[in-house]
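Working notes, beginning with the structure itself.
The values are calculated or read from the model by the stated rules, or taken from the named source; none is laboratory data. Small disclaimer: the values here were computed from a predicted structure and weren't measured. Cβ placement follows ideal geometry from the backbone for every residue including glycine, while neighbour counts extend to all protein chains displayed. Calculation scope for accessible area: heavy atoms of the full protein, side chains included, ligands and nucleic acids excluded. Shrake-Rupley method; radii C 1.70, N 1.55, O 1.52, S 1.80 Å.
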Amino acid sequence: MNIHERPSAARTANLGWLWALATPVVAILAALIPVIFNHRFYFYDDTQIGAYPIWREIGRMLRAGQWPLFSAEGWQAGNYAAEGQWGIFSPVTLGIGLASTYFSNALVFSTLVKVALLATASVGIYLLSRSLGAAQPWAFVAGVASTVAGFTVYLDSPSWVTGLMVWAFLPFVWWSLRRMCHQHKSPLPLLVAGYFLVTVGYVHGTIMMVLLFVAIIVELVVLRNWKSLVKTVFSGALLGLAALAVYLPGVLTLRSTSRTQIVANTNFLTVDLTGLAGSALPSNLPQVASWWWGPFAPAPLTYIAWFVPLFALVNFGHLRRITPGLASVPVFLLLSLMLTLAPSDLGPLRTPVRLMPYVCLAAIVLLCVALSLARVSPVSRSRWISTVAVFAGSVYLGWTGKPDLWTVSARMVLIMLAGFALTAFALSKLRNRSRANGVTAVILVATSLALAFPQHFYFPNPPVQDFKLPSDTTKYSTQLAGSKGQTIVVGTPSALDPSIWEETLVGNMWYLNPGSVHNLYSPIQNAAYSQDLCIGSRGETCKELSTKLFEVDPVSGKPLADLLRVDTVQIVRDAADSSGAELAKAVPPPGWSVASHTANTVMWTRDKPLGSVGAPVYASEGTAVEPVSNSSTEVSFRVTKVPAAGGTVTMSRLAWPGYATDGATLADPLRGYLLTVHVAPDAAGKTVTISFRPPGWTLELVSLALAVLLSAAWALWHALRSRRQSGDHDGPSRFSRNEAHTSSHSVLGSSASSSNSTDRPNGVVPEYALRKEDK
């Protein structure tokens, strides 16, 4: 190299860190575009009535010195360990929960969390792309473009935040796993990232991490890297121990839940190849059936990236030569695609389209790495024709789905054509490879952001429900004023005008209210309980429940409301009863009084409240008990009388798997769901204690402890071994050479010495596969 070129090369190298910094900054800017068109964009559906109030409840409990494990008063939503997504072992979820208690605006806090997760994901994808050999500009493109893919933008970000969490952590798992295998670095980053992902409790993310390990194993087998293969399997086993603690309670509770256990296809939230074929068009509305009306999604859920047609510029012969070092990417893409195209129900796993973000991640990373390492140069006319053909085909297939949106698609296409024209100019006219990469990266990302504006102008709302609940958390304390004890809300308040939230709430938003209610959100539900009370996953019920609550149970001879320890019933006007005439006819039964009556709700309270939930509510004939103590996880009573044949005692709590007894034995639950025990004939005068621990609890704690301890021991051993090997180096010159070698392959690539330093791969790409300008 000419010595006069070195200052320029040094400046290029020293500016390399700007690409790393620009990635999260631009990702944040991209994440704020939806807010311009809909300020509530990140506060929809499951975030609104599920995740956010869970964070608040977690934070409240932590500040009170309690750990969220189980709540008898939560009924079907109170089995936190079985729910999984409460993240009771997750430092991230617990930290978010604690932080939420210092914000009084739910919308602002939810938006901050979502934007932070998108920025985090962009950094992980940047690091992953660099480890795979992508030049810094192309890693920047991958990091930003993945965060604006359709499904991530329109479903995971606004609603399914736990899906967004695990997707954001997966690139760090991938990057740190390759780093451990190929650069012999510490396993600690991998184990920490994997632990963060697993403990979120979102099983689809853990499944995708397992598939990632499979993809890495395939890569290592192709490379015949047996030593790293052993390390990969061992690290996977450690994360498997953590997963055992997180998911075993749910697996052992499955028989009591409403989760289906069949393999079937109802076409609910499934996607086909036609929808994927139009993935380069930001206005492509795929044929995905769900809660919305009609067969087409009202948002571009399968949009991947507008520059997907640039695959036509890849030299596939050269890419095939370097594939052994990158094999995990196409393997993971294939596995992700197979699961995304799976039937709607795979046992308890539902809606495979939610794995679309992983298809986008793998496809975008593969494209950016391929364009960085195996782009044809110079680009021939036939290659540009191929690119145009792929682009036209994708646009056509996207348009055929909803041809009535042709004006929207036409505007998108004009922006895309401008982007392709600028890209063609940069790649054809700029001879300096480093400069061409940088300019092209800016064009691709700028066009992606430019497309986001019309995309959100025409599709400003996520395709899920906005319950229009208040964002001000101080407005959740007045509902149920005058109630007593535990409340059950009858009806479907979300079907009414948003003004209803002044009188009642829905889902987990009840956690922000001082009252205690049955109507909490539960993705798993207790099957027998939900069927008996006709209560749905988000806590809304059928109107007939107001009558059923006061029907006498044939076994106990008590009304259902007594067995459930309900002291307040709020009845919400049915949407079909527009005049309120049917609501006006509601009359409380004897022993109850009207506490309030409005045009939309009527509230009854018991004249003599029964007291706390969880205690004994019924003893069989000839059996008498006296309560001793009662908490969410333990209840005790003294048996004062029992017949010669023994007797049964029923508690006002769900019979989840995990209960153990001292002084009695578990019996068949009353009504199929109320915890019942059998007391022996000689039990008179004895105290019976019933306690709850998640099923398999001892095994789960042991597995978690082993995962943490073995991970710490391995990381410590690696650190000591590395330090010892470093101390064995035989002189400064040897150290300097090793240090320089490490620096030249660092993530930022800041010490590369050639003018193409930002193009220098830092991943595991075989030396023979690099072209002259990459060496």
Restricting attention to the range 170-187, which residues are open to solvent by 20 Å² or more (accessible area, probe 1.4 Å) and out of contact with any Pro (no Cβ under 9 Å at 6 or more places or on another chain)? His182, Gln183, His184, Lys185, Ser186
What do you reckon, is Asp607 open to solvent by 40 Å² or more (accessible area, probe 1.4 Å) and touching a Phe, Trp or Tyr at 6+ places or on another chain (Cβ under 9 Å)? yes
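A quick yes/no check of all residues on (1) outside any helix (DSSP H, G or I); (2) closer than 25 Å to Pro694 by Cα; (3) open to solvent by 10 Å² or more (accessible area, probe 1.4 Å):
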| site | (1), (2), (3) |
| --- | --- |
| Leu18 | no, no, yes |
| Leu21 | no, no, yes |
| Val25 | no, no, yes |
| Val35 | no, no, yes |
| Thr47 | no, no, no |
| Gly50 | no, yes, no |
| Leu62 | no, yes, yes |
| Phe89 | yes, yes, yes |
Mind telling me which of the residues Gly696, Gly647, Gly663 ends up being in contact (Cβ under 8 Å) with a residue 60 or more places away in the chain, in contact with a helix residue (DSSP H, G or I) (Cβ under 9 Å, 6 or more places away or on another chain), open to solvent by less than 50 Å² (accessible area, probe 1.4 Å) and of a type outside the set (Ser, Thr, Tyr)? Gly696
Quick one: would you say Leu706 is touching a helix residue (DSSP H, G or I) at 6+ places or on another chain (Cβ under 6 Å) and assigned to a helix (DSSP H, G or I)? yes
Kindly indicate whether Ser477 is under 30 Å from Gly539 (Cβ atoms), out of contact with any strand residue (DSSP E or B) (no Cβ under 8 Å at 6 or more places or on another chain) and polar (S, T, N, Q). yes
I'd like to check something: does the range 351-363 contain any residue that is at pLDDT 95 or above, open to solvent by less than 50 Å² (accessible area, probe 1.4 Å) and closer than 12 Å to Leu132 by Cβ? yes
Anything in the range 389-400 that is buried (at least 18 other Cβ atoms within 10 Å of the Cβ) and either out of contact with any Phe, Trp or Tyr (no Cβ under 8 Å at 6 or more places or on another chain) or not in a helix (DSSP H, G or I) (or both)? List them, or say none. Ser394, Val395, Leu397, Gly398
I need a count of the residues in the range 401-412 that are touching a residue at least 60 places away in the same chain (Cβ under 8 Å) and part of a helix (DSSP H, G or I). 5
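Any idea which of Gln465, Gln455, Gln479 is on the phi < 0 side of the Ramachandran plot, at pLDDT below 95 and touching a helix residue (DSSP H, G or I) at 6+ places or on another chain (Cβ under 8 Å)?
Only one candidate passes the filter, namely Gln465.
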Quick check on the range 480-506: of everything there that is of a type outside the set (Val, Ile, Thr) and within 20 Å of Arg565 (Cα to Cα), which residue is surrounded by the fewest Cβ atoms within 10 Å (Cβ to Cβ)? Gly482
Which of the residues spanning the range 274-291 are surrounded by 15 or more Cβ atoms within 10 Å (Cβ to Cβ) and either in contact with a Lys or Arg (Cβ under 7 Å, 6 or more places away or on another chain) or not aliphatic (A, V, I, L, M) (or both)? Thr274, Gly275, Gly278, Ser279, Pro282, Ser283, Asn284, Leu285, Pro286, Gln287, Ser290
Has the range 315-328 got any residue that is at pLDDT 80 or above, farther than 29 Å from Ser382 by Cβ and open to solvent by less than 50 Å² (accessible area, probe 1.4 Å)? yes
Which residue, of Ala595, Ala561, is in a helix (DSSP H, G or I), at pLDDT 95 or above and open to solvent by less than 80 Å² (accessible area, probe 1.4 Å)? Ala561
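Considering only the range 419-435, I want to know if a residue exists there that is assigned to a helix (DSSP H, G or I), free of Cβ contacts under 8 Å to residues at least 12 places away in the same chain and either among the aromatic types (Phe, Trp, Tyr) or within 29 Å of Pro300 (Cβ to Cβ) (or both).
Yes - at least one qualifying residue is present in the range 419-435.
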Options Leu118, Leu128: the member that is within 21 Å of the chain's Cα centre (by Cα), open to solvent by less than 10 Å² (accessible area, probe 1.4 Å) and under 17 Å from Glu219 (Cβ atoms): Leu128
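Rundown of residues vs (1) more than 15 Å from the chain's Cα centre (by Cα); (2) among the β-branched types (Val, Ile, Thr); (3) at pLDDT 95 or above; (4) buried (at least 24 other Cβ atoms within 10 Å of the Cβ), yes/no style:
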{"position": "Trp55", "(1), (2), (3), (4)": "no, no, yes, yes"}
{"position": "Gly59", "(1), (2), (3), (4)": "yes, no, yes, no"}
{"position": "Trp67", "(1), (2), (3), (4)": "yes, no, no, no"}
{"position": "Phe70", "(1), (2), (3), (4)": "yes, no, yes, no"}
{"position": "Ala77", "(1), (2), (3), (4)": "yes, no, yes, yes"}
{"position": "Val92", "(1), (2), (3), (4)": "no, yes, yes, no"}
{"position": "Gly95", "(1), (2), (3), (4)": "yes, no, yes, no"}
{"position": "Leu98", "(1), (2), (3), (4)": "yes, no, yes, no"}
{"position": "Thr101", "(1), (2), (3), (4)": "yes, yes, yes, no"}
Look through the range 670-684, keep the residues that are open to solvent by 60 Å² or more (accessible area, probe 1.4 Å) and over 44 Å from the mean Cα position of the chain (by Cα), and return whichever of them is nearest to Glu621 (Cα to Cα). Pro681
For Ala450, indicate whether it is surrounded by fewer than 22 Cβ atoms within 10 Å (Cβ to Cβ), part of a helix (DSSP H, G or I) and of a type outside the set (Phe, Trp, Tyr). yes
Looking at (1) buried (at least 16 other Cβ atoms within 10 Å of the Cβ); (2) assigned to a loop (DSSP other than H, G, I, E, B); (3) not aliphatic (A, V, I, L, M), which is the only condition Thr568 fails? (2)
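Let's see how each residue does on (1) within 26 Å of Val702 (Cβ to Cβ); (2) open to solvent by 40 Å² or more (accessible area, probe 1.4 Å):
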residue: Pro189; (1), (2): yes, yes
residue: Ala193; (1), (2): yes, no
residue: Phe213; (1), (2): yes, no
residue: Ser228; (1), (2): no, no
residue: Thr232; (1), (2): yes, no
residue: Gly250; (1), (2): yes, no
residue: Arg255; (1), (2): yes, yes
residue: Thr266; (1), (2): no, yes
residue: Asp272; (1), (2): no, yes
Set Ile500, Ile488: member being of a type in the set (A, V, I, L, M, F, W, C) and within 27 Å of Gly614 (Cβ to Cβ): Ile488
Give me the pairs, please: first residue somewhere in the range 92-109 and farther than 15 Å from Leu469 by Cβ, second residue anywhere and surrounded by fewer than 18 Cβ atoms within 10 Å (Cβ to Cβ) and charged (D, E, K, R), beta-carbon distance under 8 Å, and either six or more positions apart or on two chains. Leu98/Arg63; Thr101/Arg60; Thr101/Arg63
State yes or no: is Val555 among the β-branched types (Val, Ile, Thr), within 30 Å of Thr648 (Cβ to Cβ) and open to solvent by 20 Å² or more (accessible area, probe 1.4 Å)? yes
